[in-house]
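Encoded as structure tokens, the structure appears first; notes follow it.
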Protein chains: 2
Amino acid sequence: MQSNELIKGTLKTIILNLLKENGRMYGYEITQAIQEITKGEIKITEGSLYPALHGLVAEGMLITESVNIGKRVRKYYRLTKEGKVETKKKLTEFSDYIVMMQGLLNLKPSI
Amino acid sequence: MQSNELIKGTLKTIILNLLKENGRMYGYEITQAIQEITKGEIKITEGSLYPALHGLVAEGMLITESVNIGKRVRKYYRLTKEGKVETKKKLTEFSDYIVMMQGLLNLKPSI
DNA sequence: TGTAATACCTATAACTTATATGTATATTTG
DNA sequence: CAAATATACATATAAGTTATAGGTATTACA
């Protein structure tokens, strides 16, 4: 899993799901969480993450909240009502996709 | 599954697996097979398929064989020895990816 | 005979993520 | 205490994959 090619199309789903689970998170925290959960198999760099987050904000899926931590500003992201709906939709889509791919690739059934 | 975004990064894996299962296939046949297996959920257009096939040939994964069917030329694709190794590798990678994603997205375990 | 299906192909657009780079503060360690 | 590392934000451009749109030609069917 050195090559993260497969992640394409799922980064936003990952972000949305993390926010669904944790209520609110800031960018750096998200990159760390992904690394921890996947035991380092996936490393989302900031150059990938921030454009994705900004995109989700622009689409109305997230709202931000800036908090001062000393002299540093930490920007929290949280799901909007729309974002919660979209999250559910994306998770369903992904489950369907896995089932379909397992059919296509003759993998053991699941989910 | 209207949006095929999730397919990104897996098209070649799908093609390689189909060839592994069927020995040899031609382009049009591959598009039809994918549609049938996925019950129309995925439609790989020729504009996506042929560049992918040509890429795999250029990478040494496939060899071609042209057969005359009346006045029409049908181009069969078949896995090379290298292609067989690569297919196995890609299938393993994909299985690992699914397991990892199920962890990230809190989906039911599988495979 | 004209429409749909078969069968190949390419060029360019669109979309997503990676890479490289920049800035600045806080913490840890030698 | 200085230097390295971690924290924390961000953007611009490159790279890679698939989609869209277009092109050509044969065969089957209504």
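The values are calculated or read from the model by the stated rules, or taken from the named source; none is laboratory data. Because the structure is a prediction, the values reported are computed rather than measured. Don't worry about glycine lacking a Cβ; one is built from the backbone with ideal geometry, like all the others, and counts go over all protein chains shown. Just the protein is used for accessible areas: all its heavy atoms, side chains included, with ligands, DNA and RNA removed. Shrake-Rupley method; radii C 1.70, N 1.55, O 1.52, S 1.80 Å.
A few points about this structure:
- Test: residue in the stretch A:9-20 that is farther than 15 Å from B:L107 by Cβ, open to solvent by 80 Å² or more (accessible area, probe 1.4 Å) and charged (D, E, K, R): no
- Residue pairs whose Cβ atoms lie under 8 Å apart, sitting 6 or more positions apart in sequence or on different chains, and linking a residue in the stretch A:95-107 that is farther than 15 Å from B:M100 by Cβ to a partner that is in a helix (DSSP H, G or I) and open to solvent by 40 Å² or more (accessible area, probe 1.4 Å), are A:G103/B:I37; A:L104/B:I37; A:N106/B:E21.
- Of the residues making up the stretch B:97-111, one or more are part of a helix (DSSP H, G or I), within 14 Å of chain A (Cβ to nearest Cβ), within 21 Å of B:L16 (Cα to Cα) and out of contact with any strand residue (DSSP E or B) (no Cβ under 9 Å at 6 or more places or on another chain).
- Just one of (1) exposed (fewer than 14 other Cβ atoms within 10 Å of the Cβ); (2) within 10 Å of DNA strand C (Cβ to nearest atom); (3) in a helix (DSSP H, G or I) fails for B:V67. It is (3).
- The sole residue among A:E86, A:E41, A:E93 that is outside any helix (DSSP H, G or I) and more than 13 Å from DNA strand D (Cβ to nearest atom) is A:E41.
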